[in-house]
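Just below is one structure, and these are the notes that go with it.
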Amino acid sequence: MYSLIGSILALLGLAIWRFKLTSWLSNVNNLDVKDHDGLARFAGIFLIGLGVYAVLCGYLAQQTTTQNGQIGVMILFVLGSQLAIVGYMYGLRKYTR
């Protein structure tokens, strides 16, 4: 499941970055964007990184044999992704008014 989520996030990030699809970002009003190219690069790289993180957590979950270990990996995934999203929201200030 982690690999599927990670792959979708990475492909979405690649599409946003490569084709400058800032209109796909639901948390950003396109009228408030100062630098569309920079925002596309920032959001795309963020989503690719989050996708890689999800795949790595999936690999770690497969290597963990105990139930408590797998719960720990799930907690690591949720907390890590939430902290990354906070960083993303903070970084958006550079590209929006």
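The values are calculated or read from the model by the stated rules, or taken from the named source; none is laboratory data. These figures come from a predicted structure and were not determined experimentally. As a convention, Cβ positions derive from the backbone with ideal geometry for all residues, glycine included, and neighbour counts pool all protein chains shown.
Observations on the structure shown:
- One residue from 2, 53, 59 being touching a Cys at 6+ places or on another chain (Cβ under 7 Å) and aromatic (Phe, Trp, Tyr): 2
- Pairs meeting the criteria (first residue in segment 47-75 and within 17 Å of residue 87 (Cα to Cα), second residue in a helix (DSSP H, G or I) and of a type in the set (Ser, Thr, Tyr), beta carbons under 6 Å, at least 6 apart or on different chains) are 54/2.
- Selection of helices (runs of 4 or more DSSP H) fully inside the chain by the criterion of at least 2 residues being in contact with a Ser or Thr (Cβ under 9 Å, 6 or more places away or on another chain) returns 36-63, 67-91.
- Among the conditions (1) more than 12 Å from the chain's Cα centre (by Cα); (2) at pLDDT 95 or above, residue 61 misses just one, which is (2).
- Out of 81, 26, sole residue that is surrounded by 14 or more Cβ atoms within 10 Å (Cβ to Cβ) and either touching a Phe, Trp or Tyr at 6+ places or on another chain (Cβ under 8 Å) or under 24 Å from residue 1 (Cβ atoms) (or both): 81
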